[in-house]
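Q: Have a look at this one before I ask anything.
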Amino acid sequence: MIKVKKRKFLLLPGDGIGPEVIEEVKKIIYWFNTNKSLDFEIEEGLAGGASYDKHGTPITDEVFYKALESEAVILGAVGGPKWDNLEFSKKPERALLKLRKELKLFANLRPAICFKQLVDASTLKPEIVSGLDIMIVRELTGGIYFGEPRGIKPIDNGERKGINTHTYTSNEIIRVARVAFDLAKKRSNKVTSCEKSNVMEAGQLWKEEVQSLHEKEYKEVELNHMLADNCAMQLLRNPKQFDVIVTDNLFGDMLSDQASMLTGSLGLLPSASLGAKNKDGKMRSMYEPIHGSAPDIAGKGIANPIASILSFAMALKYSLNLDKEAKALENAVQEVLNEGLRTKDIVSKGTKEVSTTKMGDAIISKLK
Ligand code: NAD
């Protein structure tokens, strides 16, 4: 058994089903500590509506500093109708945006994997999605969501004008493209870079910088450029042609949501947001399921914990380089699905419905 040095995780369960699914992640962390001699240290904090209710802010400085000090942040979900009418700066989602921005998490990794056991949950034909395994790398801290100038201003004849600015620098493009190429090398060695270079200068720069990085450092990886609208179409027509897709913040937002729905199951999909590596090769990172706080089912014990558990598997892989342990956890999830255990969101004829807790326990039993 290997012994690694103490690694600190900050768990932010958040709101709604967040605490329920993160509880299962916690059980798994304890299992690794007890059975694999890993020494993960867990800290917990409030984020989102839960933090607002207690402290009047979606994330306190104390929790934020804990995030800065930890190896990885594992988030449940934030938000819910209770906090919908708060002013912008107090909204639960501000916690997320602050963490992404201040931790400089510029690369968002969203795998879209179609589990063969759940192929019927997709709206596409089984032969199109069965065995699907793609990774979308979305640039997360630049582009039109952050560009200046922005705002709504009055113009002539009583009209108003909404302004957002789409900007990218060479460095912003190169650092996220590098993440995509490095990931591809560990997968099927293929990157598709998406932009709108036909109509946008920032898209043209995107294409040129990705191409030039490829020629300089990643010639061994297959690179294709694709217009983002074509990519949206190809994701429906023949999604298995893709391995890694890299794209900007806006297109990535949409393409990654589209890709996740190819798999038909929100409760199964993890995500990772990664920052730059420092001199020691360490980086800031945050892992979270792609689903929200699901207020409609919160407190009922029926939420699917698999997306959060697979997010923790991504943390093992990308932040701690514990590939073997990550694989063991992914395999445990597969085995449980093979046996026909399902939470309510994915239950179908011939399978057995289990609670959030039972699903967590079943996955742990397979790790043994
Ligand atoms: P949602 O993802 O919370 O729920 C959409 C539907 O999927 C619901 O019917 C829900 O019951 C179901 N669902 C989601 N996760 C599930 C799981 N693990 N197991 C079983 N069923 C699951 O999206 P929404 O309803 O649009 O948003 C609800 C709240 O979550 C909003 O306040 C929104 O702002 C917030 N939100 C937060 C995040 C985040 O924290 N990253 C992301 C998206 C939405």
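Nothing in this text is a laboratory measurement; each read-out follows from the coordinates by a stated rule. As the structure is a prediction and not an experimental result, all values here were calculated from the model. No Cβ is skipped: glycine too gets one built from the backbone with ideal geometry, and neighbour counts run over all protein chains shown.
Q: How about segment 179-226: which GluC sites (Glu not before Pro) there are in a DSSP loop, with at most 15 other Cβ atoms within 10 Å of their Cβ?
A: Qualifying residues, ordered by number: GLU220.
Q: Indicate, rounded to the nearest 5 percent, the antiparallel portion of the DSSP beta bridges found entirely in the chain.
A: Numbers: 21 of 49 bridges.
Rounded to the nearest five, the antiparallel share is 45 percent.
Q: Mind listing which GluC sites (Glu not before Pro) in segment 1-101 are in a DSSP loop and have 10 or fewer other Cβ atoms within 10 Å?
A: Values: sites: GLU20, GLU23, GLU24, GLU41, GLU43, GLU44, GLU62, GLU69, GLU71, GLU87, GLU93; in loops: GLU71, GLU87.
Listed in order of number, the matching sites are GLU87.
Q: Taking the dipole about the Cα centre of segment 19-174, with the C-beta of Lys and Arg at +1 and of Asp and Glu at -1, give me whichever of HIS55, VAL73, ASN108 is farthest to the positive side.
A: Value computed over the given set: ASN108.
Q: Anything over 20 Å Cα to Cα? Flag those among LYS186/LYS282; LYS317/LYS352; LYS116/LYS317; LYS66/LYS324, in the order listed.
A: Working: LYS186/LYS282 18 Å; LYS317/LYS352 30 Å; LYS116/LYS317 22 Å; LYS66/LYS324 28 Å.
LYS317/LYS352; LYS116/LYS317; LYS66/LYS324, as the Cα separations exceed 20 Å there.
Q: Neighbouring Cβ atoms within 10 Å as the yardstick, rank HIS166, HIS291 fewest first.
A: HIS166, HIS291
Q: Ranked by Cβ crowding within 10 angstrom, fewest neighbours first, how are GLU102, GLU159 ordered? List each step's numbers first, then the result.
A: On the way: GLU102 13, GLU159 7.
The order, fewest Cβ neighbours first, is GLU159, GLU102.
Q: Here's something else I'd like to know. Using R₀ = 22 Å, calculate the FRET efficiency as 1/(1 + (r/R₀)^6) where r is the Cβ-Cβ separation of GLU62 and LYS104; round to 0.05.
A: That pair, GLU62 with LYS104, gives E of 0.60.
Q: Follow-up. Find how many whole Å separate the alpha carbon centroid of segment 214-292 from the alpha carbon centroid of segment 114-149.
A: Segment 114-149 and segment 214-292 have Cα centres spaced 7 Å from each other.
Q: Report, in debye and to the nearest 20, how large the dipole of the chain comes out about its Cα centre when Lys and Arg carry +1 and Asp and Glu carry -1 on their Cβ.
A: Once rounded to the nearest 20, the dipole reads 760 debye.
Q: Given springs between every Cα pair under 10 Å in a Gaussian network model of the chain, which of MET135, MET200, MET286 has the largest fluctuation?
A: Fluctuation is largest for MET200.
Q: Please tell me the relative contact order of segment 6-114 in percent, rounded to the nearest whole number, where contacts are Cα pairs under 8 Å and at least six residues apart.
A: Contact order relative to length: 34 percent.
Q: Okay, next question. Once Lys and Arg get +1 and Asp and Glu get -1 on their Cβ, which of LEU235, SER256, ASN224 lies farthest toward the positive end of the dipole of segment 214-264?
A: LEU235
Q: Testing the spin-label approximation: label points 7 Å from Cα along Cα→Cβ at ASN85 and ASN157. State their distance in nm.
A: 3.7
Q: Fully extended, how many nm does the chain gain between ARG237 and GLU41 (0.36 nm per residue separation, minus their Cα-Cα distance)?
A: Contour length minus the Cα-Cα distance gives 66.1 nm.
Q: So, one more: Taking neighbour counts of Cβ atoms within 10 Å as a proxy for exposure, in what order, fewest first, do THR169, THR57, THR343 appear?
A: If I rank by nearby Cβ atoms, fewest first, I get THR169, THR57, THR343.
Q: Something else about it: From the helices alone, meaning DSSP H stretches of at least four residues, give me the mean residue ellipticity at 222 nm for the chain, per-run term -39500 (n - 2.57), in deg cm²/dmol to the nearest 500.
A: The per-residue figure over the chain is -12500 deg cm²/dmol.
Q: When we measure straight from the Cα of LYS82, which lysines land under 21 angstrom away, once same-chain ones fewer than 8 places off are left out?
A: Output for LYS82: LYS54, LYS90, LYS91, LYS98, LYS300.
Q: Could you work out the local net charge near SER348, counting Lys and Arg as +1, Asp and Glu as -1, over the other residues with Cβ closer than 13 Å to its Cβ?
A: +1
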